[in-house]
Every structure is written in C-alpha cells, then in structure tokens.
1. Going by the conditions given, is B:L33 surrounded by 20 or more Cβ atoms within 10 Å (Cβ to Cβ) and farther than 24 Å from A:L83 by Cα?
2. Is it true that A:E11 is under 24 Å from B:A79 (Cβ atoms) and either open to solvent by 70 Å² or more (accessible area, probe 1.4 Å) or modelled with pLDDT under 95 (or both)?
3. Step by step: first the residues of the range B:58-73, then only those that are more than 10 Å from DNA strand D (Cβ to nearest atom) and outside any strand (DSSP E or B), then the one that is most open to solvent (accessible area, probe 1.4 Å). Which residue is that?
4. Among what's in the range B:44-57 and is more than 14 Å from chain A (Cβ to nearest Cβ) and open to solvent by 60 Å² or more (accessible area, probe 1.4 Å), pick the residue that is farthest from DNA strand C (Cβ to nearest atom).
Number of protein chains: 2
Amino acid sequence: MNLEIASRQLEALGNPTRLQIYRTLVRAGPAGLPVGGLQERIGIAASTLSHHLKRLVETGLVTQERHATTLICRAHYPAMNALIGYLADECCADAGCVTADAAAGGVST
Amino acid sequence: MNLEIASRQLEALGNPTRLQIYRTLVRAGPAGLPVGGLQERIGIAASTLSHHLKRLVETGLVTQERHATTLICRAHYPAMNALIGYLADECCADAGCVTADAAAGGVST
DNA sequence: TCCCTATTTCGACAATTGTCGAAATTCAGG
DNA sequence: CCTGAATTTCGACAATTGTCGAAATAGGGA
C-alpha cells in the first residue's frame, strides 16, 4: 500500500453516491447484490451506477462475479482492511493517538 | 458521523497532494508545521497549498493555530479516528471480516 | 436463430477541481 | 507609520467528474 493507491481508494469512497454503493454492498453481506438490485435500492441511472461501480472495482474495493447475465457485486473486505491499516499507520506511526474512542474494536488496553 | 461527513473527509484525503500534506503533518508530530515549512517540504505554490489546507481544516482533519504571522498546522487525530471507526463499522458491522491482516493493532483473536 | 433481460458503452452536458501567479491582507518590529 | 515576512484571496485556465438517455453488447432460453 502506497500513497498513490491509498489516495485512489479514498477518492473512490469520497463520493457520496459511491460510498452509498459500498455501504449497501457491505449491508448486503457475503451474498452480495446484482447491479440491478443495487440500482433499485439507490435509485440512479444504470449507466451512472455502472460508471461508479467500475471505479470501485478498479480500486479493488469491490469484486464482481458473473451468474449468467447477472453481475453479482460484493464488498472486498481485504482492500478495506488494508486501507484502514494504512490510515491507522499514517495516523499512529509517530504519534500516540490513543484517544481513539471511535474505533470499533477498542484497540486500547 | 454520517455518510455525508465521512464522504467529505474521504474526498479530502482522496487527493494525492492533500494526502501527502496530511501525511507530512502526521510525521511532524504534535509540534505541527507552519504553512511555509509544509510548502518547502512539498514544493507546491503557496496558493495551492492554502487551498488544499482549507479543505483539510474544513473537514476537521487538520487544525491550525496562529503564532504571530505564522500558522501552525497539526493533524487532528480524533477526526481520523472517527473516520476509521466509521469505515470499520461499515465494513464489519454485518459481516465478519476477520481477514484483517492489514490492521495495525491485530483485531483478530 | 430470435428474443429478452442485464449491463456497459457512447456522446453530451453542466459543475467542480487542481493548479498557478499576482495582488491583497495580516501582523510584529523599528 | 513604514517595512518585511507569512498567508490568503482573486482571477484564470485546462482537466476531470457526475449525471443522464440512447444505443450497443452479452448471454441464456424458447
């Protein structure tokens, strides 16, 4: 993970529509969602969705799997974990930011 | 933390120049860096730096403190922690993404 | 083979972004 | 009050983005 990749992934998530897409995929769980289902839930033009989805796939944050004509999309957790790791590293490498009351896992102790 | 705030912060970090600015501030530690020092290290026009810095301050990722004519900039860790918490939450809320070999703390076990 | 459904590609468009240099502003010191 | 240094604001510019509808493509089933 380097600055260029990280910034590209952050940029991908930094658009409200794309973050919503990603969020929806996470909520959908391991089963994932077809592009059409995603479109129903989010309510944007299919072409727009396809455009955003391509960005998320290119950055590795989302994976796709064909089932006949249907494309199943899934959040790709390892990529997110690597990104979070990079951010945590950038944030905590030199400084002791133990003020983390926001982290889910409770890293302190 | 909601989707709108998160996406704005992610977008702020999603530009290579701004991520580099943030990274430099983190590396500078709690003492922070004046805008001029930042400019020397990064090598962009002062106006461009000011523009990016404003974005980072607006989103709460960076704080500034005046010392006479000098503006000291610092990475604001709580904001980053909240953002990481949001991402981790979005990623892990419903799914068991224990594949985290990238997280700094080692959440598994 | 022909059709139907799911998805992508193709223009097109307004809006935003990233960058710069020049000018304006702010603030302390003499 | 004037000077000098630090930073921001002001245009300006090309480049990218986000969005849409229409047309093209892909892939299976009758």
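1. Spelling it out, B:L33 is indeed surrounded by 20 or more Cβ atoms within 10 Å (Cβ to Cβ) and farther than 24 Å from A:L83 by Cα.
2. In short, yes.
3. B:E58
4. Let us first name the residues in the range B:44-57 that are more than 14 Å from chain A (Cβ to nearest Cβ), namely B:44-51, B:53-54, B:57.
Checking which are open to solvent by 60 Å² or more (accessible area, probe 1.4 Å) leaves us with B:47, B:50-51, B:54.
On the way: B:S47: 3, B:S50: 8, B:H51: 4, B:K54: 10 Å.
Among residues in the range B:44-57 that are more than 14 Å from chain A (Cβ to nearest Cβ) and open to solvent by 60 Å² or more (accessible area, probe 1.4 Å), the one farthest from DNA strand C (Cβ to nearest atom) is B:K54.
The values are calculated or read from the model by the stated rules, or taken from the named source; none is laboratory data. Predicted, not measured: the structure shown is a model, and the values here were computed from it. Counting neighbours? That spans all protein chains shown, and the Cβs are built from the backbone with ideal geometry, glycine included. Remember, those area values only see protein heavy atoms, side chains included, never the ligands or the DNA or RNA. Shrake-Rupley method; radii C 1.70, N 1.55, O 1.52, S 1.80 Å.
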